[in-house]
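Scroll down for the structure; my scribbles are underneath it.
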Amino acid sequence: MIEIKNVYKNFGKLSVLKAVSTTIKKGEKVAIIGPSGSGKSTLLRCMNLLAEPTYGEVWLEGKLVTPVDPYLHPDVIALSKTYRRMAKAAGLAVDPAAPDPALVADIKANDLLKRFEGAAYAGRMRAIYKENTVNINLARRKMGMVFQNVNLFHNMTVMKNLIAAPVALKLKSKEEAGEQALKLLTRIGLADKADSYPGNLSGGQRQRIAIIRSLCMDPEYMLFDEPTSALDPEMVGEVLALMKDLAE
């Protein structure tokens, strides 16, 4: 299960994602729809930490993928020097279990938290991170990513592209990875292209190979970033057919 909690992503003064929250369960097929520039790719990149959210958190199977967002943890905010100072000025009692929502909103809206908010605050942040975080590289093994541009290594054959990651990470032997890669190539009707180079393939063929390259890592989730947007119209169908087959 992937949980996206109140994710924001800002690029300078431009706010691309604003309070995005959703839960995606295993087996679900979810489409993110919107015009160009609306943040679809940015959200996917935040999900596997290719981009770090400005605020918010992403959880994968109960483990934290992104840094801790103190605004999602009231007990953390209540320990901050900024909150305690502002609460005192407003004549409010500091309740670690229930900080004043309006005061917390004001702190967040004006980005008032400093790099160091006291030892108690820092200690609680570290504790949450230590208790819940997962190594991002381990998380990415479970979450395959297919980009708009296929990003195949053009100096490698198709087969070498497919086996490079599982062999380099010692997840499979070269023989095991090659056997799986050939099965996947056969599944998409491109077994005869194993020794070809990406530059000799059509756009649709390259994108299908990019998809099964992700599958060679045995992911539990797949993220597709507009995988047909860079293709000629006649090539779109073959890629969508493979995606539909995977979804089923």
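The values are calculated or read from the model by the stated rules, or taken from the named source; none is laboratory data. As the structure is a prediction and not an experimental result, all values here were calculated from the model. Cβ atoms come from the backbone with ideal geometry, glycine included; neighbour counts cover every protein chain shown. Heads up: the accessible areas ignore ligands, DNA and RNA and are worked out on the full protein's heavy atoms, side chains in. Shrake-Rupley method; radii C 1.70, N 1.55, O 1.52, S 1.80 Å.
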Return yes when Val68 is in contact with a Gly (Cβ under 6 Å, 6 or more places away or on another chain) and open to solvent by less than 60 Å² (accessible area, probe 1.4 Å) and no when it is not.
no
Restricting attention to segment 138-153, and to residues there that are open to solvent by 80 Å² or more (accessible area, probe 1.4 Å) and assigned to a loop (DSSP other than H, G, I, E, B), which single residue is nearest to Asp192 (Cα to Cα)?
Phe153
Determine which single condition Met125 fails, assuming it passes every other condition in (1) buried (at least 17 other Cβ atoms within 10 Å of the Cβ); (2) modelled with pLDDT of 90 or more; (3) over 30 Å from His73 (Cα atoms).
(3)
Under 8 Å by Cβ, and 6 or more places apart or on different chains, what pairs join a residue from segment 99-122 that is in contact (Cβ under 8 Å) with a residue 12 or more places away in the chain with one that is of a type in the set (Asp, Glu)?
Leu112/Asp106
If Arg84 satisfies all but one of (1) over 19 Å from Lys18 (Cβ atoms); (2) assigned to a loop (DSSP other than H, G, I, E, B), what's the number of the condition it fails?
(2)
Consider Leu50 against the criteria (1) more than 23 Å from Ala119 (Cβ to Cβ); (2) open to solvent by less than 70 Å² (accessible area, probe 1.4 Å); (3) in contact (Cβ under 8 Å) with a residue 24 or more places away in the chain: it satisfies all of them except one. Which criterion is unmet?
(2)
Being part of a helix (DSSP H, G or I), open to solvent by 60 Å² or more (accessible area, probe 1.4 Å) and closer than 23 Å to Leu44 by Cβ, is that true of even one residue in segment 154-161?
no
